[in-house]
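**Student:** Structure in structure tokens, see below.
The values are calculated or read from the model by the stated rules, or taken from the named source; none is laboratory data. Note that this is a predicted model, so its numbers are computed, not measured. The protein model used for the area step is the full one, side chains on, heavy atoms only, and it has no ligands, DNA or RNA in it. Shrake-Rupley method; radii C 1.70, N 1.55, O 1.52, S 1.80 Å.
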Amino acid sequence: MSITIEQADSVIKSLNQNNPEWFSAHEFIGRYIKMYEYNYIDMLVEYKNKHTLEIFKTVHNQIANFLSANQNKLGISLNGQVTDMNVHHLETPCSKWDMKPAE
């Protein structure tokens, strides 16, 4: 199982209410977990069953790659990095995504 365009779009719209200009990958993942907890758990279990090391990092990279591959469809653009709190409550660098203005 993986994230869908519809889910990502819904998360981005939700994040847009807080800050209409940009969001961090950590914010996206945190909101995705809140909105689609069962799907997130399914992704973690999928990699656990494959005996993947660093399951969280692997799933989060999958989400980041999805955002990057679909940024035009989602109306976002990658714009460097920021330091932000991750799901483990550690401040680490992550991608910064700008929201493109609606046309």
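**Student:** Would you kindly find the accessible area of S10, with a 1.4 Å probe and non-protein molecules such as ligands, DNA and RNA excluded, rounding to the nearest 10 Å²?
**Tutor:** Estimated to the nearest 10 Å², S10 gives 40 Å².
**Student:** Just check the range 32-77 against the gyration tensor rule for me: Cα atoms, a ≥ b ≥ c as the square roots of the eigenvalues, rounded for a/c under 1.5, and otherwise prolate or oblate depending on whether a/b exceeds b/c.
**Tutor:** Cα axes put the range 32-77 in the oblate bin.
**Student:** In degrees between 0 and 90, to the nearest 10, how far off the longest principal axis of the chain does helix 25-35 point, with axes built from Cα atoms?
**Tutor:** 70 degrees
**Student:** Classify the range 12-53: rounded, prolate or oblate, from the alpha-carbon gyration tensor (a ≥ b ≥ c, eigenvalue square roots; a/c under 1.5 rounded; otherwise prolate if a/b is larger than b/c)?
**Tutor:** It is prolate, given that a/c is not under 1.5 and a/b is the larger ratio.
**Student:** Take the chain, compute every pairwise Cα distance, and split them into 5 Å bins from 0; I just need the percent in each bin.
**Tutor:** For the chain, the binned pair fractions read 2, 13, 24, 26, 20, 10, 4, 1, 0 percent.
**Student:** For the chain, modelled as a Gaussian network with Cα springs under 10 Å, which listed residue fluctuates most, Q81, Q71, Q17?
**Tutor:** It is Q17.
**Student:** Roughly what angle does helix 5-18 make with the longest principal axis of the chain, taking Cα atoms, 0 to 90 degrees, to the nearest 10?
**Tutor:** 60 degrees
**Student:** Now, a different point. Gain in length, D98 to V45, computed as 0.36 nm per residue apart minus the alpha-carbon separation, to one decimal in nm?
**Tutor:** On the way: separation 53, 0.36 × 53 = 19.08 nm, distance 3.06 nm.
Difference between extended and current length: 16.0 nm.
**Student:** Relative to the longest principal axis of the chain, what angle (0 to 90°, nearest 10) does the C-alpha long axis of helix 37-49 take?
**Tutor:** 40 degrees
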